[in-house]
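These notes are about the structure you will find just below.
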Amino acid sequence: MSETPENPTNQDHETAEFVKIAVLEDPFEAQLVGPALEDESIPHLIRSYHDTAYDGLFQSQKGWGEIRAPESFRARIIDILTDLRSQEIGEGSGDGDPLV
């Protein structure tokens, strides 16, 4: 792994501030994106918006949860998430039409 500003060293990861990168649509998406980020050694946190006091009432408005990571990984995380979402759409009905 090269040490460029776009790909900081492990020491930089430990001190980097985690920021909100993307909103996750459902728990299945979280289960898919987590291992994909781990495979690329991308430091991240997946946080659910579920609040037991409201029994998940706001998840339908805000999304299931979010991915937090150092800003320097934003573009790669968005690429991974976009790829996962396009695969999910393509597999939805068997004929490539996500609306059927």
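Each value in this text was obtained by applying a stated rule to the coordinates, not by laboratory testing. The shown structure was predicted, so the numbers you read here are calculated from the model rather than taken from an experiment. Ideal geometry is used to build each Cβ from the backbone, glycine not excepted, and the neighbour counts take in all protein chains shown.
What is the packing order of peptides 47-54, 79-86, 20-27, 62-69, taking the mean over residues of other C-beta atoms within 10 Å and listing the highest first?
So the peptides 47-54, 79-86, 20-27, 62-69, ranked by packing, come out 62-69, 20-27, 79-86, 47-54.
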Quiz prompt | At R0 = 25 Å, FRET efficiency that the Cβ-Cβ distance of ASP51 and PHE18 yields, to 0.05 | solution = 0.80
Self-check item: Gained length - GLN87 relative to LYS62, 0.36 nm times residue gap less alpha-carbon distance
Solution: 6.7 nm
Quiz item: Rounded to the nearest 20 Debye, what is the dipole magnitude of region 12-88 about its Cα centre when Lys and Arg each give +1 and Asp and Glu each give -1 at the C-beta?
Solution: 240
